[in-house]
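Trainee: This is the structure I have questions about; it appears just below.
Read-outs: derived from the displayed coordinates by stated rules, not from any lab. Predicted, not measured: the structure shown is a model, and the values here were computed from it. With ideal geometry, Cβ positions are generated from the backbone for all residues, glycine too; neighbour counts draw on all protein chains shown.
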Amino acid sequence: MVSPSHLPHGFRLGPWQIEPPTGAITGPDGETRHLEPKVMEVLVTLAETPGTLVTRDRLLESVWRDQPGADQLLTHAVSELRRALDDRRDRPAYIETVPKRGYRLVGEVRPLDVGAAVEPPAPAVPAAPARRYGPALAASAALVVAAVIATVWLARGGNDGAENVGPPVTRFDDGGPSVAVLPFTNLSGDPDNDYFSDGLSEEIRNLLAQVPHLKVIGGTSSFSFRDVSQGPQAFGRALGVGTILEGSVRQSADRVRITARLIDVSDGSDIWSESYDRTMTDVLALQDDIAAAIIDALRIRIGAYPARGRPTQNADAYALFLKARLALHVSDAQTATAALRQAVTLDPNFAEAYELLAHTYWTDYLPEGSPIGQLVQDSAAKALTLDPDLDFARALYLEGDPGNPVADILEAYGRAARRQPNNPEILRTLSWKLAVAGYLSEALAVIERFVQLEPLSSIAHRRRYAVLTALGRDEEAQAAVAAAERLDPDWSKWVIGEIHLIHRRDATAIAYFEADVGGDGGDTAWIRDLVTATRESGQAALDERIAAVLAVTPEADVAATRFKLNCLYLLFGYLDRYFEIILDGEGGPPPKLEYYVAWGVRYRQWGFTAHPRYPEVARLMGFTDVWERRGPPDYCEAESGEWVCR
């Protein structure tokens, strides 16, 4: 995207500073928000001729260039702009709607001063397929890393970055500098201290993630390169970043020696390096020093350096907090929960530990009947009592009570994402909430950033697959699920089986289902019988076989198994029965109602959202209130006071 010719360095819109190359808009209070590229393009197009009507046709042609569904995307883009600018349609301060014609920018537009100029973006680094690695796969992982590097190098024309000039950073597609923080090496000789060196690098990564315009790769992807014998340049190219931070930690009694260096991926040279000798009690302040040095080395202008502060004075509680965060990188919620419970016992005033505990409770898959909502609320409430500025905790607190309006929950996650645009966990949750509520285009924009931050996270690609499938973009969805399969083959088996089943490729679906169930040592004989009998005899056969399987399923596995099997009604096309499960159960809606709706939206091309009972589900979930407040979803519109969905 190119800025208007008469506004080469960005512009001001009233009190807002707009920086098109980075997607950033900064308000009068100094808070910076980020617009997705297409939304920024709409704003730039309007700013080219302020005060003049810009027709919808011109915006569609200029921004989307005949892309299918562009008309609806434009409507959502304008809504997104109004939300970002705190504008209102009924009393516009910046964007005026001219009914059935287009839009007019009514605010004052002034070019930025040269001193406030932003750097022009360089070409994007293409994404490349990669694999998740662990210590046992180090040798094969090195080969995969080499293949990824070759893919990126060829996609860039084989130049190996030789054309890059200026600051020693490669650019992401949104124009900002980028860094990946690798896990620091533990030189203490005791593997039990790995959590400390890993946790230190994770803390520095989280500090850097607070810097506007700096793209920081998420911990799941960065930590995938542990014990892989390739140089930092290889990792940087595989992750698509311009710089790599690596380091080492040596502990001896109460002393810690930390060495860190920032490496230019283009040529392997050190941009900055330093060694520190500190006591254990000084480590938190040291993290702030390292982050500030990196910001300076990357030539990022910033008003105030991010500071970690001292979240706790208890060293043991802090160690457990680090251990919990690292456990979450490998989806070990059980270890994380146990560590966090110990941490808050040692320090009952450790607000961030309570916030992370609330998040861990929410993401853990607990058996039916578990008081998950109360656990989430109690932990989040304690975190907010200790620190009212914890936005993620506020969203989790609202989430914990099913009586809270979904619109409020969505707004809370959106606010948390604006404050922490580099926090993958917040983006992950926000994208899920948007997609389930029907805002598929918005969800996809959030997921694309999630994937950029966590290119080696299977979950990121799974979420991308789900939304692309719901949008009917099947070819891209297949690529996304293939990426998820490469990163986590075990997860993908059942979902790939679902894809084949819904397309009536039963033999292949059965093979994937059997691989999934058999991989856990379970009996697979029932799978072929279930699929074959259902195709031959219909819903009654499926009813009978689901009941039979659940009758012999261990109690601990009943919740997950029931959900998987009930989703087969959706995949076989028995939508009436699927809606009966959601709406007409004797005990009320199923415990995993949100998941049932999410799967229905994922496969909406086969009729879920067009079903006559979907509006009932939307009301039950609180979606209709959301639609009234923030505008219609991608596939519904209001007609004569009723929502009509397709």
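Trainee: Being closer than 23 Å to Val617 by Cα, surrounded by fewer than 22 Cβ atoms within 10 Å (Cβ to Cβ) and more than 15 Å from the chain's Cα centre (by Cα) narrows it down to one of Asp378, Asp391, Asp401, so name that one.
Mentor: Working: Asp378 fails: closer than 23 Å to Val617 by Cα; Asp391 fails: closer than 23 Å to Val617 by Cα.
The unique qualifying residue is Asp401.
Trainee: Evaluate the range 539-553: report whether one residue or more is without any contact (Cβ under 8 Å) to a residue 24 or more places away in the chain and outside any helix (DSSP H, G or I).
Mentor: Yes, the range 539-553 contains a residue that is without any contact (Cβ under 8 Å) to a residue 24 or more places away in the chain and outside any helix (DSSP H, G or I).
Trainee: Find the helices (runs of 4 or more DSSP H) located wholly in the range 23-101 whose residues include 2 or more that are more than 27 Å from the chain's Cα centre (by Cα), closer than 16 Å to Gly10 by Cα and not charged (D, E, K, R), and list them. Spell out the reasoning first.
Mentor: On the way: elements: 37-48, 56-59, 70-84.
Passing ranges, in order: 37-48.
Trainee: If you don't mind, there's one more thing I want to ask. So which residues in the range 545-578 are among the hydrophobic types (A, V, I, L, M, F, W, C) and closer than 26 Å to Gln605 by Cβ? Walk me through how you get there before you give the answer.
Mentor: Residues of the range 545-578 that are among the hydrophobic types (A, V, I, L, M, F, W, C), as a first pass: 546-552, 556, 558-560, 563, 565, 567-568, 570-572, 575.
The answer is Ile546, Ala560, Phe563, Leu565, Cys567, Leu568, Leu570, Leu571, Phe572, Leu575.
Trainee: So which of Pro633, Pro589, Pro615 is in contact with a strand residue (DSSP E or B) (Cβ under 7 Å, 6 or more places away or on another chain) and either in contact (Cβ under 8 Å) with a residue 12 or more places away in the chain or assigned to a helix (DSSP H, G or I) (or both)? If you could, list the steps in order and put the result at the bottom.
Mentor: Working: Pro633 fails: in contact with a strand residue (DSSP E or B) (Cβ under 7 Å, 6 or more places away or on another chain); Pro589 fails: in contact with a strand residue (DSSP E or B) (Cβ under 7 Å, 6 or more places away or on another chain).
Only one candidate passes the filter, namely Pro615.
Trainee: Within the range 428-435, can one find any residue that is farther than 24 Å from Leu74 by Cβ and not hydrophobic (A, V, I, L, M, F, W, C)? Can you show your working first?
Mentor: Our first condition is that a residue be farther than 24 Å from Leu74 by Cβ; within the range 428-435, this holds for 428-429, 432.
From the residues that got through so far, the ones that are not hydrophobic (A, V, I, L, M, F, W, C) too are 428-429.
The answer is yes; a qualifying residue exists.
Conditions tested, residue by residue: (1) part of a loop (DSSP other than H, G, I, E, B); (2) under 25 Å from Ala417 (Cα atoms); (3) in contact with a His (Cβ under 9 Å, 6 or more places away or on another chain).
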site: Asn193; (1), (2), (3): no, no, no
site: Gly199; (1), (2), (3): no, yes, no
site: Leu207; (1), (2), (3): no, yes, no
site: Pro212; (1), (2), (3): yes, yes, yes
site: Ser221; (1), (2), (3): no, yes, no
site: Gln233; (1), (2), (3): no, no, no
site: Arg250; (1), (2), (3): no, no, no
site: Thr259; (1), (2), (3): no, no, no
site: Asp277; (1), (2), (3): no, no, no
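Trainee: Pairs only if they're at least six apart or on different chains, beta carbon under 8 angstrom, first in the range 464-488 and outside any helix (DSSP H, G or I), second not small (Gly, Ala, Ser); list them, first residue then second.
Mentor: From the range 464-488, the pairs are Leu471/Leu440; Leu471/Leu444; Leu471/Asp634; Gly472/Gln605; Asp488/Arg132.
Trainee: Still on this structure, please answer the following. Can Val601 be described as closer than 24 Å to Glu498 by Cβ and among the aliphatic types (A, V, I, L, M)?
Mentor: Values: closer than 24 Å to Glu498 by Cβ: yes; among the aliphatic types (A, V, I, L, M): yes.
Considered against the rule, which asks whether it is closer than 24 Å to Glu498 by Cβ and among the aliphatic types (A, V, I, L, M), Val601 comes out as yes.
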